[in-house]
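Peer 1: This is the structure, below, for whatever I ask next.
The values are calculated or read from the model by the stated rules, or taken from the named source; none is laboratory data. Since this is a predicted model, take the numbers as computed values, not measurements. With ideal geometry, Cβ positions are generated from the backbone for all residues, glycine too; neighbour counts draw on all protein chains shown. Calculation scope for accessible area: heavy atoms of the full protein, side chains included, ligands and nucleic acids excluded. Shrake-Rupley method; radii C 1.70, N 1.55, O 1.52, S 1.80 Å.
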Amino acid sequence: MYQPFAAALRAILRRNHWQDRRIAEEVGVSRSTISRWLNGKQELRNLQELVDIAEALQVTTDELLGLAGHEISQIVELLRQLPEDLRQVELSRLQKLVEDYRGT
């Protein structure tokens, strides 16, 4: 069983103040399935479930799999708090900053 998924899902649900009922409804699975995922007793059946969870929670699949670094999670969370128009501006500025750093 891939325990980082269970830990990451628990942390993201807690951070977003979501109950297992809400994510179950969003993803289209039972609450008992969510419980088994959270306890590490059941794996995802397919990649589409991972994508559906990530979309519902507005996180990356890497974050759900416990692969995203803490800094990335912080940046994503901060950007997510901005209004959409400002978010796009800041993403463009960040992309330019990275390009300038790389010298491209």
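Peer 1: Out of the residues in region 17-35 that are assigned to a helix (DSSP H, G or I) and either among the acidic types (D, E) or within 14 Å of the chain's Cα centre (by Cα) (or both), which is surrounded by the most Cβ atoms within 10 Å (Cβ to Cβ)?
Peer 2: I23
Peer 1: With the structure loaded, tell me whether R14 is open to solvent by 20 Å² or more (accessible area, probe 1.4 Å), touching a helix residue (DSSP H, G or I) at 6+ places or on another chain (Cβ under 9 Å) and either among the basic types (K, R) or over 15 Å from E77 (Cα atoms) (or both) or whether it fails that test.
Peer 2: When the stated conditions are applied, R14 does not pass them.
Peer 1: Also: Please find, within region 36-73, the residue that is farthest from the chain's Cα centre (by Cα) out of those that are open to solvent by 90 Å² or more (accessible area, probe 1.4 Å) and of a type in the set (D, E).
Peer 2: E43
Peer 1: From L57, L65, grab the single residue that is within 24 Å of Q81 (Cβ to Cβ) and touching a Phe, Trp or Tyr at 6+ places or on another chain (Cβ under 7 Å).
Peer 2: L65
Peer 1: Oh, and also: Are any residues in region 76-90 of a type in the set (A, V, I, L, M) and open to solvent by less than 80 Å² (accessible area, probe 1.4 Å), and if so, which ones?
Peer 2: V76, L79, L82, L86, V89
Peer 1: Do we find a residue being modelled with pLDDT of 85 or more, closer than 18 Å to L13 by Cβ and of a type in the set (D, E, K, R) anywhere in region 59-76?
Peer 2: Yes, region 59-76 contains a residue that is modelled with pLDDT of 85 or more, closer than 18 Å to L13 by Cβ and of a type in the set (D, E, K, R).
Peer 1: Can I ask one more? Against the definition (out of contact with any Phe, Trp or Tyr (no Cβ under 7 Å at 6 or more places or on another chain), surrounded by 13 or more Cβ atoms within 10 Å (Cβ to Cβ), at pLDDT 90 or above and among the hydrophobic types (A, V, I, L, M, F, W, C)), how does A7 come out, yes or no?
Peer 2: The answer is yes for A7.
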